[in-house]
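Student: Pasting in a structure now, in structure tokens, and then I'll have a few things to ask.
The values are calculated or read from the model by the stated rules, or taken from the named source; none is laboratory data. Quick caveat: nothing in here was measured; it's all calculated off a predicted structure. When we count neighbours, we look across all protein chains shown, and the Cβ atoms used for this are built from the backbone with ideal geometry, even at glycine. In case anyone asks, the SASA skips ligands and DNA or RNA and just uses the protein heavy atoms, side chains included. Shrake-Rupley method; radii C 1.70, N 1.55, O 1.52, S 1.80 Å.
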Amino acid sequence: MPFADEVAPVAVLEYQSRWPADFELLAGELYKALGSEARAIDHIGSTSVPGLAAKDCVDVQVRVAAIQEARQVGLLAAIGFRCRPEPWNRAEISGGQECRKLVFAPPVGARRCNVHLRREGEPNCRYALLFRDYLRADEAARRQWGAFKRRLAHSVPDLQDNGQIKAPATEILMIAAERWAAATGWQLPPGSPAPSMSPAT
């Protein structure tokens, strides 16, 4: 569920060349806030796929050793990030397994994003990266997925309704992604490296 300041109809844009740079800025902020809690930070979701139409909302995955809610919520609250309270933002089923997670909204007035904290090695962490890498690799799937999202946004602009319709379609897409992963020997990639914390010279 969006917070009050985030409520807006779903709008799908053509791919924007600024999205990778927007992710890098967010990753830098998150590394500074989380320190060693962040084992890796990944650009995920549709804005992470060059050429794919997407909502102008950057999805970020932070891989952590464990979900430690009180500590991690406090670290991100210190820089204005708001933990989404709904049960489905605390756990999800992936690979037939329930996986814990935390999802954060940006500070009020900041760049639109979703920050997903997931335990490294869990199926939900892998799922997000496979979705990204499959669509990066398969031009036909990327083109068809973008066209589907544009049509859906045009006919169902409400965020909740849009998401409920898109979820089963995503599961179908991921069947093809799993076949691609098996055929290519895809492996979980490393995340964005932590920025250098050494002082400027």
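Student: Please give the number of the condition Ser36 fails out of (1) open to solvent by less than 10 Å² (accessible area, probe 1.4 Å); (2) modelled with pLDDT under 95; (3) of a type in the set (Ser, Thr, Tyr).
Tutor: Tallying (1) open to solvent by less than 10 Å² (accessible area, probe 1.4 Å); (2) modelled with pLDDT under 95; (3) of a type in the set (Ser, Thr, Tyr), Ser36 fails exactly one: (1).
Student: Among Leu117, Leu130, which is aliphatic (A, V, I, L, M) and surrounded by 21 or more Cβ atoms within 10 Å (Cβ to Cβ)?
Tutor: Among Leu117, Leu130, only Leu117 is aliphatic (A, V, I, L, M) and surrounded by 21 or more Cβ atoms within 10 Å (Cβ to Cβ).
Student: Okay, moving on. Take the residues of segment 155-165 that are exposed (fewer than 15 other Cβ atoms within 10 Å of the Cβ) and in contact (Cβ under 8 Å) with a residue 60 or more places away in the chain: which is farthest from Val12 (Cα to Cα)?
Tutor: Filtering segment 155-165 for residues that are exposed (fewer than 15 other Cβ atoms within 10 Å of the Cβ) and in contact (Cβ under 8 Å) with a residue 60 or more places away in the chain, the one farthest from Val12 (Cα to Cα) comes out as Gln160.
Student: If a residue has to be part of a helix (DSSP H, G or I) and either in contact (Cβ under 8 Å) with a residue 24 or more places away in the chain or surrounded by 15 or more Cβ atoms within 10 Å (Cβ to Cβ) (or both) to count, how many in segment 166-188 make the cut?
Tutor: Looking only at that region, the number is 10.
Student: Same structure, new question: Output the number of residues of segment 75-100 satisfying the condition of being over 23 Å from Ala4 (Cβ atoms) and either outside any strand (DSSP E or B) or open to solvent by less than 40 Å² (accessible area, probe 1.4 Å) (or both).
Tutor: 6
Student: Across segment 135-175, what is the total count of residues that are farther than 24 Å from Asp5 by Cβ and either in contact with a strand residue (DSSP E or B) (Cβ under 7 Å, 6 or more places away or on another chain) or among the basic types (Lys, Arg) (or both)?
Tutor: Residues flagged as farther than 24 Å from Asp5 by Cβ and either in contact with a strand residue (DSSP E or B) (Cβ under 7 Å, 6 or more places away or on another chain) or among the basic types (Lys, Arg) (or both) within segment 135-175 amount to 5.
Student: What residue, among those in segment 112-152 that are small (Gly, Ala, Ser) and at pLDDT 95 or above, is farthest from Ala181 (Cα to Cα)?
Tutor: Ala147
Student: Out of the residues in segment 52-74 that are in a loop (DSSP other than H, G, I, E, B) and of a type in the set (A, V, I, L, M), which is nearest to Tyr134 (Cα to Cα)?
Tutor: Leu52
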